[in-house]
Amino acid sequence: MIFLCHNGLTERTFVISKTILQNLAKEHGTPLFVIDHDQLRANLAEFNRWLPRVQPYFAVKANPNPEIIRTLYQAGASFDVASLPEFLLVHENIKDLSAKERQDFIWDKIIYSHPIKANETLQALDQYKPLVTYDNYEEILKVKKHAPNVGMLLRLRVPNTGAMVELSSKFGAEPGEAVDLIEAAEKAGITVEGLSFHVGSQTTNFQNFVQALTMAAEIFKEARLRGFHKMNQLDIGGGFPAPYDANVKPLHELAKILNTEIARLFPEDVAILAEPGRYLVATACTSVSEVIGKAHRDGRQCYYINDGVYHTYSGQLFDHCHYPVRPFKDGPTELCAVFGPTCDALDTITLAEELPELFLGDLVYSENIGAYSHASSTSFNGFPPAKVIHLNL
Ligand code: PLP
């Protein structure tokens with residue numbers, strides 16, 4: 001399906017039909033986590049279309065499903081990994097390439113974006129010589145000792161104002177210490193190839209990007225003035241918002257701002273990278289679950305379904321994201337509560353969902369649930385994560 005945006009530009013979104021979801025539930029049972037690989041490819045194409053100067057590195061943490069990585073790999077994506085297991089998941093796809101092709105892929109298409117790395121991780125990574133990020137002096141000493149063959153990007157602390165998930169309280173060097181940190185790394189014999197930042201996940205305040213780009217440009221200029229000429233990469237991180245509701249401005253509006261600012265602030269010899277996670281996977285996945293219990297409590301109809309906050313809906317806690325629960329049937333609605341299957345009252349998906357009358361065995365679904373959801377699903381209370389189903393693989 002192609003939705004026409006208010007300014008006449010198109011954003012491609014495939015909607016999995018309700019019939020397909022119901023048939024999948026009939027065939028496989030519930031709960032299901034349905035991944036549409038056409039939508040993954042469309043999201044990557046959309047990113048490339050609006051941001052032609054920016055190389056997208058899929059942030060694996062958003063959804064580390066191996067088939068998602070495979071599809072994006074085949075579609076030409078690069079990868080942002082933030083742990084050794086994530087690195088190895090991507091590496092699975094390149095293990096049969098020649099040694100040279102494999103090394104080129106790691107250099108050109110993988111970034112290890114976690115600024116804090118355990119000694120053992122650095123020791124294991126060193127043989128692959130990836131580009132890694134850092135934001136403090138201790139990390140320089142660790143990298144020098146345990147992974148002297150990696151390259152580095154300095155991660156800056158930038159405003160995360162209004163982002164759904166803020167990251168600046170945990171990561172990023174203050175701008176005032178940035179060039180000293182570059183100098184310290186170079187003195188330790190580690191090449192600093194550029195800068196990175198993250199404006200916070202699901203950033204709808206596009207000024208965050210403008211401020212971060214301005215800050216990074218100033219630091220680039222100062223670093224080059226002080227003789228650090230190997231700096232030729234800027235990683236603008238993630239934060240690209242998924243269209244969860246009509247209030248989220250589409251990617252092309254953000255892209256217009258980014259393209260203008262990047263062209264104004266960074267010469268052509270600076271390569272621009274990004275680490276989109278949510279934008280690539282959120283709209284590609286739909287959950288399907290089933291009403292397994294029903295009660296009337298506090299004057300409200302309550303439904304108990306077989307997926308919940310400890311499982312696919314875990315993004316409600318960890319990601320501060322809300323996923324509306326939709327019925328498959330029509331009819332007059334009332335305000336209802338929807339709970340997950342575990343014994344814990346924290347397992348509350350919503351206390352206020354408009355739903356028609358549902359019966360035991362009825363199916364419900366949630367769209368746009370692909371990012372930071374199944375990735376943080378647990379097996380709490382003995383309930384396993386939802387079964388993954390692939391469409392258009
Ligand atoms: N890069 C880094 C370093 C991150 O920490 C994250 C998310 O936490 C991402 C990229 C992905 O961000 P997003 O999903 O907002 O695109």
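Length gain on complete extension for the stretch ARG49 to LYS230, per 0.36 nm per residue less the alpha carbon to alpha carbon distance? Each step should come with its number before you reach the end.
On the way: separation 181, 0.36 × 181 = 65.16 nm, distance 2.89 nm.
Using 0.36 nm per residue and subtracting the Cα-Cα distance, I get 62.3 nm.
Figure the gain on full extension for PHE359 and LEU317 (residue separation times 0.36 nm, minus the Cα-Cα span) and round it to one decimal in nm.
Fully extending the segment from PHE359 to LEU317 adds 12.4 nm.
Just report the Cα centroid separation between segment 244-297 and segment 342-382, whole Å.
If we compute the Cα centre of each part, the gap is 22 Å.
Tell me, what is the percent relative contact order of the chain, built from C-alpha pairs under 8 Å that lie six or more residues apart? Write out the running numbers ahead of the final one.
On the way: 824 pairs, mean separation 74.6, N = 393.
Contact order relative to length: 19 percent.
Using +1 on the beta carbon of Lys and Arg, -1 on that of Asp and Glu, and nothing else charged, what's the dipole of segment 285-391 about the Cα centre, debye to 20? Please report the intermediate quantities before stating the final value.
Numbers: 6 positive and 13 negative charges, 37 e Å.
It works out to roughly 180 debye.
Provide the packing ranking of 307-313, 28-34, i.e. peptides ordered by the mean count of other C-beta atoms within 10 Å per residue, highest first.
On the way: 307-313: 27.3, 28-34: 21.1.
Per-residue Cβ counts within 10 Å, averaged per peptide and sorted highest first, yield 307-313, 28-34.
Taking the simple approach of a point 7 Å from Cα along Cα-to-Cβ for both TYR137 and SER98, what is their distance in nm?
If labels sit at TYR137 and SER98, their model points lie 4.6 nm apart.
I want to check the label-to-label distance for LYS187 and ASN119. Put each point 7 Å from Cα in the C-beta direction and report it in nm to one decimal.
Result for the modelled spin labels: 2.3 nm.
Collect residues whose amide H, placed 1.01 Å from N in the peptide plane, falls under 5 Å from the amide H of LEU391; neighbours closer than 5 in sequence don't count.
Distant-sequence amide H within range of LEU391: ILE35, ASP36, HIS37.
Quick one: grab the alpha carbon gyration tensor of segment 328-393, order the square roots of its eigenvalues as a ≥ b ≥ c, and give me rounded if a/c is under 1.5, else prolate or oblate depending on whether a/b is larger than b/c. Kindly include the intermediate steps, with their values, before the conclusion.
On the way: a/c = 1.98, a/b = 1.28, b/c = 1.55.
Oblate, since a/c reaches 1.5 and b/c is not below a/b.
Using just the helices of the chain, give the 222 nm mean residue ellipticity in deg cm²/dmol: DSSP H runs with n ≥ 4 each add -39,500 (n - 2.57), and the total is spread over all residues, rounded to 500. Don't jump to the answer; show the numbers that get you there.
On the way: 12 runs with 126 residues, N = 393.
The per-residue figure over the chain is -9500 deg cm²/dmol.
If you place +1 on the Cβ of every Lys and Arg and -1 on the Cβ of every Asp and Glu, how big does the dipole about the Cα centre of segment 170-215 come out, in debye to the nearest 20? Mind dumping the intermediate values first?
Values: 2 positive and 6 negative charges, 46 e Å.
About 220 debye.
Amide H of ASP362 versus every other amide H placed in the peptide plane: which residues, excluding those fewer than 5 positions away on the same chain, fall under 5 Å?
The list, which skips near neighbours in sequence, is VAL291.
Where in segment 161-182 is the amide nitrogen less than 18 Å from a point lying 7 Å along the Cα-to-Cβ axis of LYS144?
Of the residues in segment 161-182, 178-182 have backbone N under 18 Å from the label point off LYS144.
Please report the projected area of the chain's Cα convex hull averaged over all directions, in nm². If you can, show how the numbers build up before the last one.
Values: hull surface 82.2 nm².
Average projection, Cα convex hull of the chain: 20.5 nm².
Select from ALA147, ALA216, ASN368 the residue farthest towards the positive end of the dipole of the chain; place +1 on Cβ of Lys and Arg, -1 on Cβ of Asp and Glu, and compute about the Cα centre.
Positive-end residue among those listed: ALA147.
So for the chain, taking the charge dipole from beta-carbon charges (+1 Lys/Arg, -1 Asp/Glu), which of PHE228, ILE68, ILE111 sits furthest toward the positive end?
PHE228
Using label points projected 7 Å from each Cα along Cα→Cβ, tell me how many nm separate LEU88 and ASN23, to one decimal.
With each label placed 7 Å out from Cα toward Cβ, I get 3.9 nm.
Figure the gain on full extension for PHE14 and ASP108 (residue separation times 0.36 nm, minus the Cα-Cα span) and round it to one decimal in nm. Each step should come with its number before you reach the end.
Numbers: separation 94, 0.36 × 94 = 33.84 nm, distance 3.08 nm.
Result: 30.8 nm gained on full extension.
Where a number appears in this text, it was derived from the coordinates with a stated rule and is not lab data. For clarity, every value in this text was computed on a predicted model and none was experimentally measured. Heads up, the Cβs are rebuilt from the backbone with ideal geometry, glycines too, and the neighbour counts pull from every protein chain shown.
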